[in-house]
Amino acid sequence: MININKEKCLRCGKCTGDCIIKILKKDEQGYPFLPDKYEKSCLNCQHCLAICPTGALTCNGVSADQCEPIKPLPSPEDMLSLLRQRRSVRKYKWETLPPEILEKLKESLAWTPTGCNDHKLIFRVIDTKEEMLYYREETNRMILKLVNTGIMKWVYPAINRFLESIRNGEDVIYRGAPHMIVAATPKKAPCADADPWIALSYFDLLLQSYNLGSCWCGFAVHAFKWNKTLQKRLNFPKGYKISAVLLFGKPDVEYSRATKPENFKIL
């Protein structure tokens with residue numbers, strides 16, 4: 001539902017011009033309106049709300065007063081520095097983050113883009129050390145049980161060098177991280193494969209601004225697919241698939257400089 005405050009509306013046409021699926025129309029007087037037949041077609045992207053210079057639109061109950069005004073952004077060089085200095089962290093301090101920081105991080109997920117603004121991603125944030133210990137122990141138990149079976153043969157070369165450490169109870173999968181975030185999406189979502197990775201990439205960059213460390217954990221994605229106990233613990237709805245896992249926390253390592261990698265081939 002889109003409502004227009006005609007006293008504020010300039011009839012400039014910016015909102016109708018920026019409507020992604022071209023369903024916002026102008027009436028005979030030039031005021032924008034959403035025809036009844038298109039109400040269910042609205043993606044709730046809020047582009048019309050964002051572009052209105054006077055805040056005349058309310059989109060599905062959200063008004064301009066509830067939205068943050070546009071602020072100056074980091075410079076290109078600042079953003080490049082962030083990208084250059086970002087490292088995969090595999091050593092963490094065994095301490096949880098303050099609740100207020102965790103809440104800020106969770107809140108940021110609302111702004112992650114999704115294909116067709118589907119917005120049906122679900123996240124599971126592990127925020128206690130006790131819970132992380134459970135995943136560590138259950139994953140290690142599963143690896144030792146399945147290591148010589150067909151299901152694990154394709155990863156055996158990678159995991160073989162860590163087997164002794166796993167038998168000793170070391171955390172070679174979750175790297176001693178006190179937190180992780182798991183992203184799942186409906187199997188039939190328009191961009192089911194891409195959405196979770198994009199979401200956690202955004203999340204990852206925000207972590208860097210807090211001077212926190214992170215590491216992608218591809219093995220955990222497979223562990224959650226193989227292990228019914230872990231699936232039940234994560235408690236995602238039926239019809240959802242787990243696609244991406246990111247570990248995070250306070251790093252227990254400090255780097256002195258960025259790296260200088262070889263350039264990728266750009267055609």
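At-a-glance table
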item: Test result for A50, assigned by TED's automatic domain parsing to the domain that holds K6 and either of a type in the set (D, E) or under 24 Å from S209 (Cβ atoms) (or both); result: yes
item: Some residue of region 35-52 being assigned to a loop (DSSP other than H, G, I, E, B) and basic (K, R); result: no
item: Per-region count, region 242-267, residues surrounded by 18 or more Cβ atoms within 10 Å (Cβ to Cβ) and of a type in the set (D, E, K, R); result: 1
item: Scan of region 173-217 for residues that are within 12 Å of the chain's Cα centre (by Cα), buried (at least 21 other Cβ atoms within 10 Å of the Cβ) and either of a type in the set (A, V, I, L, M) or more than 22 Å from G115 (Cα to Cα) (or both), ordered by number; result: M180, I181, V182, A183, A184, A199, L200, L207
item: Enumeration of residues in region 105-133 that are without any contact (Cβ under 8 Å) to a residue 60 or more places away in the chain and assigned to a helix (DSSP H, G or I); result: K106, E107, A110, K129, E130, E131, M132, L133
item: Any hit, region 222-232, residues being within 28 Å of K145 (Cβ to Cβ), surrounded by fewer than 10 Cβ atoms within 10 Å (Cβ to Cβ) and not polar (S, T, N, Q); result: yes
item: Residue match in region 69-91 (condition: assigned by TED's automatic domain parsing to the domain that holds A192, exposed (fewer than 15 other Cβ atoms within 10 Å of the Cβ) and within 30 Å of R233 (Cα to Cα)); result: yes
item: Flag for E7 being within 19 Å of F203 (Cβ to Cβ) and more than 20 Å from the chain's Cα centre (by Cα); result: no
item: Pairs with Cβ under 9 Å, 6+ apart, first in region 163-185 and on the phi > 0 side of the Ramachandran plot and part of a helix (DSSP H, G or I), second surrounded by 14 or more Cβ atoms within 10 Å (Cβ to Cβ) and modelled with pLDDT of 85 or more; result: none
item: Subset of region 29-59 [closer than 20 Å to T112 by Cβ and either surrounded by fewer than 12 Cβ atoms within 10 Å (Cβ to Cβ) or of a type in the set (G, A, S) (or both)]; result: A50
item: Residues that are under 25 Å from I101 (Cβ atoms) and touching a Gly at 6+ places or on another chain (Cβ under 8 Å), drawn from region 161-197; result: A177, P178, H179, D195
item: Scan of region 213-245 for residues that are over 19 Å from K120 (Cα atoms), part of a strand (DSSP E or B) and touching a helix residue (DSSP H, G or I) at 6+ places or on another chain (Cβ under 9 Å), ordered by number; result: G213, S214, W216
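Yes or no, residue by residue, for (1) more than 19 Å from W216 (Cβ to Cβ); (2) in the same structural domain as S209 (by TED's automatic domain parsing); (3) in contact with a strand residue (DSSP E or B) (Cβ under 9 Å, 6 or more places away or on another chain); (4) modelled with pLDDT under 95:
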residue: P98; (1), (2), (3), (4): yes, yes, no, no
residue: L109; (1), (2), (3), (4): no, yes, yes, no
residue: H119; (1), (2), (3), (4): yes, yes, no, yes
residue: M142; (1), (2), (3), (4): yes, yes, no, yes
residue: L146; (1), (2), (3), (4): yes, yes, no, yes
residue: G150; (1), (2), (3), (4): yes, yes, no, yes
residue: W154; (1), (2), (3), (4): no, yes, no, yes
residue: R167; (1), (2), (3), (4): yes, yes, no, yes
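The values are calculated or read from the model by the stated rules, or taken from the named source; none is laboratory data. Just so we're clear, the structure is a prediction, and the values are computed from it rather than from any experiment. Positions of Cβ are generated from backbone atoms using ideal geometry, with glycine treated the same way; all protein chains shown enter the neighbour counts.
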